[in-house]
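Since the structure comes first, as structure tokens, the remarks are kept for the end.
The values are calculated or read from the model by the stated rules, or taken from the named source; none is laboratory data. Predicted, not measured: the structure shown is a model, and the values here were computed from it. Glycine also receives a Cβ, built like all others from the backbone with ideal geometry; neighbour counts cover every protein chain displayed.
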Amino acid sequence: MNRAPASVWHRPTHFLAFGLGSGAVPFAPGTFGTFAAIPFYWLMSELPLDWYLAVVAVTFVWGVWLCDSTSRDLGVHDHSGIVWDEFVGY
């Protein structure tokens with residue numbers, strides 16, 4: 001288990017990569033990241049399909065950079081607290 005660094009609460013890129021802080025939970029961060037993504041899915045589910053797909057595509061591409069940047073800053077490849085993929089995947 002990787003402990004969440006303090007930078008999650010001070011750096012916007014880390015805060016987002018950690019799923020608005022949900023990935024900082026010390027156990028089952030991916031599960032908590034999925035729970036945190038549910039309200040965003042409910043809001044997006046009202047969008048027309050083309051807008052919905054555009055949002056998913058943009059958050060996916062942006063998320064690749066976001067997670068890579070955070071991983072490099074932390075010096076840990078695929079830190080368990082990085083749950084942006086749960087947000088986009090949900």
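Annotations for the structure displayed:
- Scope the range 62-79; condition at negative phi and surrounded by fewer than 18 Cβ atoms within 10 Å (Cβ to Cβ); matching residues: Trp62, Val64, Trp65, Asp68, Ser69, Ser71, Arg72, Asp73, Val76, His77
- Filtered residues of the range 41-90 (kept if among the polar types (S, T, N, Q) and either under 19 Å from Gly21 (Cα atoms) or at pLDDT 95 or above (or both)): Thr59, Ser69, Thr70, Ser71, Ser80
- Residue check, Asp78 among the charged types (D, E, K, R) and either in a helix (DSSP H, G or I) or touching a strand residue (DSSP E or B) at 6+ places or on another chain (Cβ under 8 Å) (or both): no
- Condition met for Gly23 (in contact with a Pro (Cβ under 7 Å, 6 or more places away or on another chain), in contact (Cβ under 8 Å) with a residue 12 or more places away in the chain, assigned to a helix (DSSP H, G or I) and buried (at least 18 other Cβ atoms within 10 Å of the Cβ)): yes
- Of all residues in the range 26-60, those satisfying the criterion of being of a type in the set (Phe, Trp, Tyr) and exposed (fewer than 11 other Cβ atoms within 10 Å of the Cβ) are Phe27, Trp42.
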